[in-house]
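Chemist: Pasting a structure below so you can have a look.
The values are calculated or read from the model by the stated rules, or taken from the named source; none is laboratory data. Small disclaimer: the values here were computed from a predicted structure and weren't measured. For neighbour counting, all protein chains shown are included, and Cβ atoms are generated from backbone atoms with ideal geometry for every residue, glycine included.
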Amino acid sequence: MIALISFLVLIAVFLTAARVASVVLEVTGMDRQAAEFQARSALMGVGFTTLESEDITNHPVRRRLVLWLMTFGNAGFITGIGSFILAFGDAPALQTLLRSGELLAGTVLLLISVHISAANRLIARATRAFLYRFTSLEISNLTVLMPRGGRWVVAELRVESDSGLDGRSLANLDLARHDITVLGIRRRDGTYLGSPPQATELAIGDTVTLYGRIAQLNTLARPRAGRTGASGGHPPETSDTPGPVSSAR
């Protein structure tokens, strides 16, 4: 029984590690889906031959993270095989059947938990808070989707509690003055607003699709407290100094 519980705990640790790693990759500017795929690929040791893998190997933080994921994945795989053998190796037929049912039920519950949005948000928030407090890695809620030549990009900005954007209207932000165009807003409930009017107010959980210069978008996405020293609620400055996130390509 202990071996079976250890096996399920190992699965839970794997799933959590994959989610944490994907959040770290997102923080460095990778698209969310690409980050999730690459994190799981590195853990499982499969599929790490896609175009996005170049974005991993060419980025020092991502490269170091994936190296640790590969090492952890290999060690976990060996540990999992050992736990599985101990759980089922010498068990009689009836006990093997019962343990198989328990293993299946536990695995299904763990996989379901991965798709619970509240759990994902909790892990993401905790990971970002840890990175913000204990590392020198610049934290940004900006994900570059499509570089469009030089400094111009299409990107997604997630509205978080520390962004200084919650409750503010597009008119109040006056993004056009900083050469930033709002292409659309995806609400927390999945509703999408294309070309939203200036009276539209942002809320925590919104994902805003923007077009503009990377420096201006980085300034807008930078947290308004802590290491940056910026005060909350201010639109981006006119400086062209590059911010914390660069293009994912």
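Chemist: Does any residue in segment 1-16 that is within 17 Å of I116 (Cβ to Cβ) come within less than 6 Å, Cβ to Cβ, of a residue that is at pLDDT below 80 and in a helix (DSSP H, G or I) six or more places away or on a different chain, and which pairs are these?
Modeler: L15/V114
Chemist: Check segment 102-115 and report whether any residue there is within 17 Å of L25 (Cβ to Cβ), touching a Gly at 6+ places or on another chain (Cβ under 8 Å) and in the same structural domain as S6 (by TED's automatic domain parsing). Explain how you work it out, then say what you get.
Modeler: Going through segment 102-115, the residues within 17 Å of L25 (Cβ to Cβ) turn out to be 114.
After this cut, where a residue has to be touching a Gly at 6+ places or on another chain (Cβ under 8 Å) as well, the list is none.
There is no residue in segment 102-115 that is within 17 Å of L25 (Cβ to Cβ), touching a Gly at 6+ places or on another chain (Cβ under 8 Å) and in the same structural domain as S6 (by TED's automatic domain parsing).
Chemist: Residues that are hydroxyl-bearing (S, T, Y) and surrounded by fewer than 21 Cβ atoms within 10 Å (Cβ to Cβ), at least 1 per element: which strands (runs of 3 or more DSSP E) completely within segment 152-194 meet that? First the steps, then the outcome.
Modeler: On the way: elements: 152-158, 181-186, 192-194.
Correct list: 181-186, 192-194.
Chemist: Sticking with this structure for a sec: Please tell me if A199 is modelled with pLDDT of 90 or more, surrounded by fewer than 15 Cβ atoms within 10 Å (Cβ to Cβ) and either more than 23 Å from A129 (Cβ to Cβ) or charged (D, E, K, R) (or both). Step through it out loud before you land on a result.
Modeler: On the way: modelled with pLDDT of 90 or more: yes; surrounded by fewer than 15 Cβ atoms within 10 Å (Cβ to Cβ): yes; either more than 23 Å from A129 (Cβ to Cβ) or charged (D, E, K, R) (or both): yes.
Judged against the criteria, A199 is a match.
Chemist: Would you list the helices (runs of 4 or more DSSP H) that sit entirely within segment 1-119 and hold 3 or more residues that are more than 30 Å from L157 (Cα to Cα) and modelled with pLDDT under 80?
Modeler: Numbers: elements: 2-27, 32-44, 52-57, 60-88, 93-114.
The helices (runs of 4 or more DSSP H) meeting that bar are 2-27, 60-88, 93-114.
Chemist: On to the next question. Please tell me if L170 is without any contact (Cβ under 8 Å) to a residue 60 or more places away in the chain and aliphatic (A, V, I, L, M). So that I can check it myself, show each step before the final result.
Modeler: On the way: without any contact (Cβ under 8 Å) to a residue 60 or more places away in the chain: yes; aliphatic (A, V, I, L, M): yes.
Here the answer is yes, as L170 does meet what is asked.
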